[in-house]
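One structure is given here, and the rest of the page talks about it.
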């Protein structure tokens, strides 16, 4: 006597489940719409699974099966595409501002996601204006990478040379909201007692490989570099 299939197991040739593929696609599309609408916010697997009304344990597999892309890769790609478009359209915004507005913890996180992730890569942030004087929306800030002598620029990037000389350097660890206060302390506490004065070269920040101390909290490290000359 043949035994039947175990109870609850779908059998070949049985009627389709009410959750046919069109229902899976409808639920996943609901999540896609939610991601588009909340791209700058924290997007957790549990919350997205709830939007789709799927188990969090299985949702990442369902999402990949329907879209052909992992959930993390999909979110990362959308954030990169949208932020890159904003940078091209709004030349007055810094990489840091755009990165934070699109769900990245820091400019360094954004740059690594764009492919600038080698530990040997030196990144610099060059500020041209004082935010205590110039309105924030008008402050100019260049995001830079150290490149070899034979590097050929294209229409998307320019090449400039940061002059050498004497710099006072401080190690900074904190968030993007803390960095201006750190610069203020350099000018108010250290500089008046140092025997130096700032010269005409721009201040800049140096970002090296392995920047994030706590990516979730947006904490990173860099070096604050102030060009100086004798008083």
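Quick notes
- A Cβ distance below 9 Å, combined with a sequence gap of six or more or placement on separate chains, defines the contacts here; from region 187-201, residues that are outside the structural domain of residue 167 (by TED's automatic domain parsing) reach no residue that is surrounded by 11 or more Cβ atoms within 10 Å (Cβ to Cβ) and not in a strand (DSSP E or B).
- Failed item in (1) outside any helix (DSSP H, G or I); (2) modelled with pLDDT of 75 or more; (3) closer than 26 Å to residue 158 by Cα, with residue 103 passing the rest: (3)
- Exactly one residue out of 180, 197 is modelled with pLDDT of 80 or more and in contact with a helix residue (DSSP H, G or I) (Cβ under 8 Å, 6 or more places away or on another chain), and it is 197.
- Count of region 40-49 residues which are surrounded by 14 or more Cβ atoms within 10 Å (Cβ to Cβ) and out of contact with any helix residue (DSSP H, G or I) (no Cβ under 6 Å at 6 or more places or on another chain): 1
- Number of positions in region 175-201 that are more than 17 Å from residue 221 (Cα to Cα) and surrounded by 17 or more Cβ atoms within 10 Å (Cβ to Cβ): 3
- Residues of region 135-155 satisfying the condition of being free of Cβ contacts under 8 Å to residues at least 24 places away in the same chain and surrounded by fewer than 13 Cβ atoms within 10 Å (Cβ to Cβ): 135, 136, 148, 149, 150, 151, 152, 153, 154, 155
- Residues satisfying the stated conditions in region 51-69, i.e. exposed (fewer than 14 other Cβ atoms within 10 Å of the Cβ) and closer than 19 Å to residue 33 by Cβ: 53, 65, 68, 69
- Whichever residue in region 33-70 is without any contact (Cβ under 8 Å) to a residue 12 or more places away in the chain and outside any helix (DSSP H, G or I) and, among such residues, is farthest from the chain's Cα centre (by Cα): 55
- Test for residue 130: is it modelled with pLDDT of 75 or more, surrounded by fewer than 19 Cβ atoms within 10 Å (Cβ to Cβ) and closer than 27 Å to residue 43 by Cβ: no
- Test result for residue 211, crowded, with 17+ Cβ neighbours inside 10 Å, more than 20 Å from residue 134 (Cα to Cα) and modelled with pLDDT of 90 or more: no
The values are calculated or read from the model by the stated rules, or taken from the named source; none is laboratory data. Nothing here was measured: the structure is a model prediction, and the numbers come from that model. Neighbour counts run over all protein chains shown; Cβ positions are idealised from the backbone, glycine included.
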